[in-house]
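What follows draws every value from the coordinates through simple rules; no lab data is involved. Values in this document were obtained by computation on a predicted structure and should not be read as measured data. Every residue, glycine as well, gets a Cβ built from its backbone with ideal geometry; the counts of neighbours run over all protein chains shown.
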Amino acid sequence: MARVRRRTPAHPTASTQTHVVPAGVYWGLFAAWAVNDVEELLTMAPWSRSAATRLKARFPRVPDSVWNRMEVTQPQVNAAIGLMALLIAAAAADGARTQGRSAFFRTVLTGFGIHGVAHLAQSAAYRGLTPGVVTSPTVVIPYSLWALSHLRRAGLPPASRALGLALLPVATGTVHTLARRLTRPTK
């Protein structure tokens, strides 16, 4: 493999200097996710019960099966958050291993930021507090913007927002489906 040498001017400018991405960009993904998910861990199960009742009254034409699927138990929440922890930890570790070059890390990071915006939109549509909405504008979105800015300065493009948006419900749906199966009572 041939080495490419770059000529460095006598007085380097910002464009010729290498931007070092702090480790907090990679491991911060897991830390910011943990803060957001502690909020969800504490609020999701009780909220799902009261919200299902409220939404059922607001939208009476929606079948009961939809509202019944919305309710989650605390063991289901615990399992879903544990499963998502594996995905987020793997992405953070891959980001650290590749110094942010990993498409997996950048896609999860982008999806994480979009997930914060989705929490705000969900609360607006619900017309009230929803799980994860308190830490979204205070932790999730600021961390995501900060991390993406460091990656951009290092010349690493963000992942496609469309891909992050598309994969967000896939990941969330998958962990919740697995959590339901894992916590289903045995016969």
* Once you've got the GNM for the chain with C-alpha springs shorter than 10 Å, pick whichever of 92, 80, 57 has the biggest mean-square fluctuation. => 57
* Rank 48, 182, 36 by how far each Cα sits towards the positive end of the charge dipole of the stretch 23-183 (+1 on Lys, Arg Cβ; -1 on Asp, Glu Cβ) and give me just the farthest. => 48
* Where the only charges are on Cβ atoms (+1 Lys, Arg; -1 Asp, Glu), what is the dipole of the stretch 54-187 about its Cα centre, to the nearest 20 debye? -> 240
* To do: Once every Cα of the stretch 102-187 carries one equal point scatterer and solvent is ignored, give the base-10 log of I(q)/I(0) from the Debye formula at q = 0.23, 0.26 Å⁻¹, two decimals.
  => -1.11, -1.22
* Structure fact -> Placing +1 on each Lys and Arg Cβ and -1 on each Asp and Glu Cβ in the chain, then taking the dipole about the Cα centre, the residue among 132, 62, 170 whose Cα reaches farthest towards the positive end is 170
* Given the C-alpha centroids of the stretch 142-159 and the stretch 35-59, what is the distance between them in whole angstrom? -> 32
* **Extended-chain gain in nm, criterion 0.36 nm per residue less alpha-carbon gap, residue 120 and residue 186** => 20.1 nm
* Structure fact -> Candidate span helices, the chain: DSSP H, at least 24 Å along axis from Cα coords, Kyte-Doolittle average at least -0.5, result 23-58, 74-98, 103-126, 161-183
* Work out the length of the dipole vector of the stretch 25-104 about its Cα centre, built from +1 on the beta-carbon of each Lys and Arg and -1 on the beta-carbon of each Asp and Glu, and round it to the nearest 20 debye. => 320
* Asked: In whole angstrom, and with the biggest value first, how far do the Cα coordinates of the chain range along each principal axis?
  -> 71, 38, 25
